[in-house]
Amino acid sequence: MHYDQCFGCGDVESGLHMRTTVGEHMVVHSRFTVTEAHQGAPGLAHGGLLACAFDEALGSTVGNLLRKPAVTGKLETDFVRPVPVGTTLYIAARLDGVAGRKIYVSAEGRLGSADGQVAVRARALFVQVGFEHFTTHGYADALQRFRSTTRESKWDINP
Ligand SMILES: CCCCCCCCCCCCCCCC(=O)SCCNC(=O)CCNC(=O)[C@H](O)C(C)(C)COP(=O)(O)OP(=O)(O)OC[C@H]1O[C@@H](n2cnc3c(N)ncnc32)[C@H](O)[C@@H]1OP(=O)(O)O
């Protein structure tokens, strides 16, 4: 968790409650279980929430692998199969490249297990920013808020 009020990884009720692990070959693994609070069509995940899960997984990939503050500049998703309520999406993300402040990442999400059918693919461009990005545009005490909930020592890194 990087911030307890984060919709993706925090303790927010009806949030995504995602956790991330860095695995072999620098692949970053996240899981998102679709609940009734995440529906679009009856019984199916809302596409925007799936995009949110990938934003989180890809942002965590940047954070875990580069340890630099960055924000999403562009996020592209391919919805390949519907994701039913009750399904856990297994997301595997990779760092594809860095060019100056631009950070390219991609991921795929599989249904029910790490080798399940691919349901969603995503690519994103993150842009590295200074910490003042958060204090200028967000809360003035954003860094203290990050610090009070970031438990870096608990990040599970197994390269
Ligand atoms: C030590 C601490 C570790 C902490 C680790 C913690 C773990 C962490 C987990 C986080 C997990 C959160 C996951 C959710 C992450 C969000 O949800 S972030 C929130 C959503 N995103 C935003 O709010 C961003 C809003 N946009 C902006 O603030 C600004 O547009 C940006 C993105 C900072 C860029 O503005 P800028 O700084 O003025 O930079 P700019 O010169 O415009 O662009 C830089 C380069 O990027 C390119 N670029 C920018 N935008 C685009 C675009 N949309 N398309 C293509 N190229 C673009 C530019 O063309 C430029 O390229 P070059 O000229 O260098 O070749």
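Quick note: the coordinates plus some simple rules give every number you see, no bench work behind them. Quantities reported herein were computed from a predicted structural model and do not represent experimental measurements. Glycine gets a Cβ as well: all are built from the backbone with ideal geometry, and neighbour counts include every protein chain shown.
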Practice item. Output ³J(HN,Hα) for region 50-62: one whole-Hz value per residue in order, computed from phi by the Karplus curve 6.51 cos²θ - 1.76 cosθ + 1.60 with θ = phi - 60°, and x for Gly and Pro. Key: 5, 4, 4, 4, 6, 4, 5, 4, 6, x, 5, 5, 4
Exercise for review: Quickly work out the HIS137-to-THR33 label distance, labels modelled 7 Å from Cα along the C-beta direction, and quote it in nm with one decimal.
Suggested key: 3.3
Exercise for review: Convert each backbone phi in region 10-26 into a coupling constant with the Karplus relation 6.51 cos²θ - 1.76 cosθ + 1.60 (shift: θ = phi - 60°), then list the ³J(HN,Hα) values in order as whole Hz, x for Gly and Pro.
Suggested key: x, 9, 4, 4, 6, x, 8, 6, 7, 10, 10, 9, 8, x, 5, 6, 6
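Enumerate by residue number the trypsin sites (Lys or Arg not before Pro) in region 56-159 meeting two conditions: DSSP loop (anything except H, G, I, E, B), and at most 15 other Cβ atoms within 10 Å of the site's Cβ.
Values: sites: ARG67, LYS74, ARG94, ARG101, LYS102, ARG110, ARG121, ARG123, ARG145, ARG147, ARG151, LYS154; in loops: ARG67, ARG101, ARG151.
Sparse-neighbourhood loop trypsin sites (Lys or Arg not before Pro): ARG67, ARG101, ARG151.
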Exercise for review: Return the distance in nm (one decimal) between the two label points of a simple spin-label model at LYS74 and HIS25, each offset 7 Å from Cα along Cα→Cβ.
Suggested key: 2.6
Review point. What are the ³J(HN,Hα) values, in whole Hz, obtained from phi via the Karplus relation 6.51 cos²θ - 1.76 cosθ + 1.60 with θ = phi - 60°, for each residue of region 119-126 in sequence order, with x given for Gly and Pro?
Key: 10, 9, 10, 8, 9, 8, 10, 9
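Relative contact order (percent) for region 20-157, with alpha-carbon contacts under 8 angstrom and 6 or more residues of separation? Walk me through the intermediate numbers first.
Details: 268 pairs, mean separation 35.3, N = 138.
Here the relative contact order equals 26 percent.
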Review point. Share of Cα-Cα pairs in region 41-94 beyond 19 Å, in percent?
Key: 33
**Study point:** Placed amide H near HIS46: partners under 5 Å, 5+ positions off or other chain
**Key:** GLN39, GLY40
**Study point:** Rounded if a/c under 1.5, otherwise prolate or oblate - region 1-54, Cα gyration tensor axes
**Key:** oblate
